[in-house]
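Student: My structure is below; once you've seen it, I'll send some questions.
Values in this text are rule-based calculations from the coordinates and carry no lab data. Owing to the predicted nature of the structure, the values given are computational and were not obtained by experimental measurement. When we count neighbours, we look across all protein chains shown, and the Cβ atoms used for this are built from the backbone with ideal geometry, even at glycine.
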Amino acid sequence: MLFQSLTASTLSANALLARENLLWIDGVELRADFLSAVPTDALARFPQLLQPGKNDRGVPVILTIRRRRDGGNFEGDEGKRLRLLRDAVGAGNFSFVDLEEDLSASGSDEEVRRAAYKSGTRVIRSFHSFDGTGGDLGERLVRLSALPGEIPRISVVPHSTRELLQLVRASLRARGQRIVVGMGDYGFPSRILSPVLGNTLSFCSQNSAERVEAGVDPRTMQELYRYSTLNQSTAIYAVIGNPIMHSRSPAYHNPRFAAAGMNAVYVPIRVDSVSSFFDLAGELDIPGVSVTIPHKESVIPFLKEIDESVTAVGACNTIVRDEEGYRGTNTDVDGFLTPLANRASKRWAGGLAGRAATVIGAGGASRAVIYALIREGVNVCVLNRTESRARAVTEELSPYARNASLTWGKLGQPEGNCLLSGHSDIIVQTTSVGMFPDTDSDPIPEYRFHGHELVYDIVYNPPVTRFLSRAADCGCEVIQGGEMFEGQALLQSHLFQNAYRLRSS
Ligand code: NAP
């Protein structure tokens with residue numbers, strides 16, 4: 001079940017927020033600690049505001065008044081808070097009431113519990129930590145389940161991938177009803193994977209006022225992550241990096257999984273330790289992973305096998321599992337090549353082989369580009385601002401230049417320009433120059449395009465860079481970086497679908 005956390009300052013604003021999202025949610029949690037005023041009668045009637053028709057059952061509502069020390073906004077006296085809870089619950093409209101762990105130990109919530117029992121309201125017994133996981137979560141869940149009929153709830157902010165792993169383990173090993181959710185970037189996957197981890201419910205929010213954002217709105221939860229379709233057999237795929245929340249990959253892969261009829265979900269996982277991630281991958285039985293900055297190199301020692309693209313480029317962006325373990329490949333290579341080879345086959349009888357290309361830039365992405373070109377027999381000249389880097393890249397990749405030449409020069413210098421003129425069938429721009437927000441810059445402003453060059457800029461934001469529009473204005477055929485991005489992601493998608501078939505067979 002998916003519950004929307006409501007943190008607006010008035011009951012009517014909360015009701016409006018809930019009504020706007022009824023299509024995507026199963027219930028709401030009213031965070032009464034964020035209300036600017038808490039009139040008991042109105043609070044008690046709040047669930048009735050969510051009943052669309054007279055005879056409708058309405059939406060289940062959890063009543064929560066969270067103290068500041070637990071990450072909430074309630075600063076008043078504890079006696080007042082407990083009376084508010086007791087009176088609101090006593091009216092019989094709330095399906096659940098959230099009571100913290102320490103209240104049962106002290107017995108101070110007895111009257112609230114009695115009111116809940118009489119009105120058929122279930123108690124959620126909760127533990128909160130904003131400072132990591134706060135000890136053994138498995139033991140904590142057992143302690144929270146001590147009172148019969150209560151649902152244990154753990155809400156913590158993991159500060160590392162290892163702490164996310166602890167949270168996942170606690171949830172997977174628990175029995176009975178439970179709510180185990182992580183907040184913040186590290187906790188994000190646990191919110192989406194809640195049904196896969198055996199949880200009773202999870203939370204989402206919109207315009208949340210919470211101290212640590214719940215991070216995902218109800219519509220995204222259902223339309224992108226297909227929350228209501230997830231279950232304990234769902235295959236979990238991931239993109240890993242640090243930071244990771246900006247990644248476009250979930251928006252790319254999830255709809256393709258849905259279209260392919262796969263019971264699978266693709267989530268962003270923030271990873272500060274690759275070793276912890278592989279422990280997590282074992283725990284969650286992850287069949288496929290996209291890898292992004294800064295882990296493209298550090299994942300390699302953890303893989304059972306890597307192909308030549310990874311060895312040559314020195315980076316792995318895709319991991320898939322087969323019977324023997326995890327294998328790494330680099331789909332940037334063929335993702336870059338496919339749109340170029342398509343154009344080349346229409347222009348030149350022999351396609352790419354024997355052509356001469358200039359690659360501008362010698363950074364991480366250039367390696368996949370250079371390797372792809374020399375593998376296809378293209379003679380390549382690498383020009384870079386920092387000469388030593390251009391030399392290093394060409395030296396490292398020269399063993400793969402079996403049927404091609406590989407030279408280098410300094411960008412912007414006369415000898416560099418001369419090399420460029422001699423390698424102008426294809427010009428590939430791989431530097432970050434021209435990328436948002438630096439959109440007015442051009443890496444080779446002095447170069448005059450003749451119109452015969454096939455020009456490719458791997459920068460995809462903006463879709464058409466100044467460099468590319470200048471080339472197009474001179475009559476050149478151009479390829480946008482978005483085609484490479486789509487190409488590498490499509491190859492990944494095929495590999496992920498194969499791994500899924502293997503997992504299901
Ligand atoms: P990187 O490793 O940091 O390399 C940056 C490159 O840009 C280096 O060659 C650097 O030269 C050069 N550079 C930076 N500022 C410069 C300037 N002011 N003048 C001249 N050269 C400059 O970055 P990367 O990972 O290779 O990524 C580069 C670009 O490719 C980014 O825009 C990225 O978004 C894009 N990319 C696109 C795709 C896709 O699928 N389309 C995939 C990967 C990357 P020095 O060596 O002299 O510093």
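Student: Putting +1 on Lys and Arg Cβ atoms and -1 on Asp and Glu Cβ atoms, find which of CYS204, THR133, VAL97 reaches farthest to the positive end of the dipole of region 83-224.
Tutor: Towards the positive end, the residue furthest out is VAL97.
Student: Which is farthest toward the positive dipole end of region 373-495 among HIS452, GLY422, PHE467, measuring Cα position about the Cα centre, with Cβ charges +1 (Lys, Arg) and -1 (Asp, Glu)?
Tutor: GLY422
Student: Compute the distance in nm between two label points, each set 7 Å from the Cα along the Cα-to-Cβ direction, one at TRP348 and one at LEU172.
Tutor: So the label points at TRP348 and LEU172 sit 5.0 nm apart.
Student: Under a Cβ-only charge scheme (Lys and Arg +1, Asp and Glu -1), can you give me the dipole magnitude of region 139-186 about the Cα centre, in debye to the nearest 20?
Tutor: For this selection, approximately 180 debye.
Student: Sticking with this structure for a sec: Once you charge only the Cβ atoms, +1 for Lys and Arg and -1 for Asp and Glu, what is the size of the charge dipole of the chain about its Cα centre, to the nearest 20 debye?
Tutor: 1040 debye
Student: Here is a further query. Averaging sequence separations of C-alpha pairs under 8 Å and six or more residues apart, then dividing by the length of region 214-332, give the relative contact order as a whole percent.
Tutor: About 23 percent, as a whole number.
Student: When we measure straight from the Cα of LYS80, which aspartates and glutamates land under 19 angstrom away, once same-chain ones fewer than 8 places off are left out?
Tutor: Counting by Cα, and skipping residues close in sequence, LYS80 has these aspartates and glutamates nearby: ASP33, ASP41, ASP70, ASP98, GLU100, GLU101, ASP102, ASP109, GLU110, GLU111.
Student: When all alpha-carbon pairs of region 129-221 are counted, what percent fall beyond 19 Å?
Tutor: 36 percent
Student: Taking the beta-carbon count within 10 Å as an exposure proxy, list LYS346, LYS80 from fewest neighbours to most.
Tutor: The most exposed by this proxy come first: LYS346, LYS80.
Student: May I pose another question? Suppose each label sits 7 Å from its Cα in the direction of the beta carbon; what would the PHE436-MET245 distance come out to in nanometres?
Tutor: Label-label distance for PHE436 and MET245, simple model: 1.8 nm.
Student: Ranked by Cβ crowding within 10 angstrom, fewest neighbours first, how are THR121, THR311 ordered?
Tutor: In increasing order of surrounding Cβ atoms, one gets THR311, THR121.
Student: Using a 7 Å offset from Cα along Cα-Cβ at THR229, what residues in region 481-505 end up with backbone N under 18 Å from the label point?
Tutor: 493-494, 496-501, 504
Student: At a Förster distance of 41 Å, what's the computed FRET efficiency of ALA260 paired with SER469, Cβ-Cβ distance as r, to 0.05?
Tutor: So the FRET efficiency works out to roughly 0.65.
Student: When only C-alpha pairs under 8 Å and at least 6 residues apart count, what is the relative contact order of the chain, in percent?
Tutor: 9 percent
Student: Something else about it: State the answer as a single residue: which of VAL142, VAL313, VAL274 lies farthest towards the positive end of the charge dipole of the chain, with beta carbon charges of +1 for Lys and Arg and -1 for Asp and Glu, about the Cα centre.
Tutor: The one lying farthest along the dipole's positive direction is VAL142.
Student: Nothing charged except the Cβ atoms of Lys and Arg (+1) and of Asp and Glu (-1): what's the magnitude of the dipole of region 290-432 about its Cα centre? Round to the nearest 20 debye.
Tutor: 480 debye
Student: I would also like to ask the following. If packing is taken as the mean number of other Cβ atoms within 10 Å per residue, what is the order of 246-256, 174-184, highest first?
Tutor: Highest mean packing first, the order is 174-184, 246-256.
Student: Just want the ordering: TYR225, TYR237, from fewest to most Cβ atoms lying within 10 Å of their own Cβ.
Tutor: TYR225, TYR237
Student: Moving on to the next point. Would you mind putting 150-163, 372-385 in packing order, based on average other-beta-carbon counts within 10 Å, highest first?
Tutor: Order by mean packing, descending: 372-385, 150-163.
Student: When only DSSP loop residues count, what trypsin sites (Lys or Arg not before Pro) in region 303-332 have their Cβ near at most 14 other Cβ atoms within 10 Å?
Tutor: LYS304
Student: Straight-line reach from LYS410: which lysines fall under 30 Å, measuring Cα to Cα and dropping same-chain residues less than 8 apart?
Tutor: Of all the lysines, those that pass the test against LYS410 - Cα under 30 Å, at least 8 places apart if same chain - are LYS296.
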